[in-house]
Amino acid sequence: MWAVRRGQLCRALWGSQAPAAFSRPRSAEPGSLPVPRCWSCGIPLPARGGQGLPRFCPACQALQPPESQPDLFRLMGCDRSFNISVQQLQQRFRSLQRSLHPDYFSQRPQKERDFSEQHSSLVNRAYQTLLSPLRRGLYLLELNGVELAKGTDSDIDVEFLKEIMEINETLAELNNEAKIEEIESFIEVKQEELTKDVSKAFERVLCFISDDLQEAKKLLAKMKYFENLEDKVKSKKNPS
């Protein structure tokens, strides 16, 4: 019964790309990386497909561990772009979570149950990262070797920082729900504007109009400031 269900899981994940039969690869060339092997039965594993899907052994169907540094866009079936289909992302998330749910592996060895939990956690992280425009943008910067500087405002213009400080001071003094909601709406509009600007900045890079990611970096830094304000608004509206 388990073998049948595992076969169904593999087909759900791999579709038509699932290997029909296992064929032993040639010996690795001297100096090349060692061929990965199944932790359960020990046979060499074929190369990962281009979709970044969780991998099952083609012989014993054992779930293999996740990649150490997976491409979250590839895992979630998205192009490596700031502009993604949220609907497609959500469908992919639900499909992977159903297929990798620990309940499916409750009768399997502890090692495989652990891998299932690791995959589920990774899929959750990938989904949350790509769903958020800010985290998606920061991840794109990271993939291109660019990170926001921590503990410095050197990339942010002074007028913007003054605006943020004024909003912070106003929020600290406010207890009027209507005024708090007014600020909340203002922040939402600003975030929407910044999201559009970030999208255009990444498009210019992808279209080779510009190879400089610094504009996207500055805009995302501003988005991060507004996200902090969003958190403070939520705290104001729902004090613990």
Task: Distant-in-sequence amide H partners of Arg37 (H built 1.01 Å from N, under 5 Å) - done: Leu45
- [ ] Any aspartates and glutamates with Cα under 20 Å of the Lys236 Cα? List them, leaving off those in the same chain fewer than 8 positions away.
- [x] Glu163, Glu166, Glu169, Glu173, Glu177, Glu181, Glu182, Glu184, Glu188, Glu227
TODO: Could you tell me which of rounded, prolate or oblate describes the stretch 83-240, using a ≥ b ≥ c as the square roots of the eigenvalues of the alpha-carbon gyration tensor, with rounded for a/c under 1.5 and, failing that, prolate when a/b is larger than b/c and oblate otherwise?
DONE: oblate
Open item on the list: In whole Hz and in residue order, list the ³J(HN,Hα) couplings for the stretch 104-115 that follow from phi through the Karplus curve 6.51 cos²θ - 1.76 cosθ + 1.60, θ = phi - 60°; x for Gly and Pro.
Closed with: 5, 10, 5, 9, 9, x, 4, 4, 6, 4, 5, 4
TODO: Would you work out the relative contact order for the stretch 36-192, in percent, from Cα pairs under 8 angstrom that are 6 or more residues apart?
DONE: 16 percent
TODO: Go through the stretch 55-63 residue by residue and turn each phi into a ³J(HN,Hα) via Karplus (6.51, -1.76, 1.60, θ = phi - 60°); whole Hz please, and just put x for glycine and proline.
DONE: 9, 10, 5, x, 9, 9, 6, 6, 5
Task: Glu173 accessible area, assembled protein chains, probe 1.4 Å, Å² - done: 150 Å²
Open item on the list: Heavy atoms of the protein only, probe of 1.4 Å, neighbouring chains included. What is the accessible area of Lys222 in Å², nearest 10?
Closed with: 50 Å²
Open item on the list: Suppose all protein chains stay in the model; what accessible area per residue would a 1.4 Å probe give for the stretch 105-173, in Å²?
Closed with: 58 Å²
Task: Area accessible to solvent at Met165, 1.4 Å probe radius, in Å² - done: 110 Å²
Open item on the list: Can you compute 3J(HN,Hα) from phi for each residue in the stretch 183-192, using the Karplus curve 6.51 cos²θ - 1.76 cosθ + 1.60 with θ = phi - 60°, rounded to whole Hz and x for Gly and Pro?
Closed with: 5, 4, 5, 4, 5, 4, 5, 4, 5, 5
Task: Solvent-accessible area, 1.4 Å probe, carbon plus sulfur percent, for the stretch 110-209 - done: 49 percent
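The values are calculated or read from the model by the stated rules, or taken from the named source; none is laboratory data. Since the structure is predicted, the reported quantities are computational estimates derived from the model, not experimental observations. Just the protein is used for accessible areas: all its heavy atoms, side chains included, with ligands, DNA and RNA removed. Shrake-Rupley method; radii C 1.70, N 1.55, O 1.52, S 1.80 Å.
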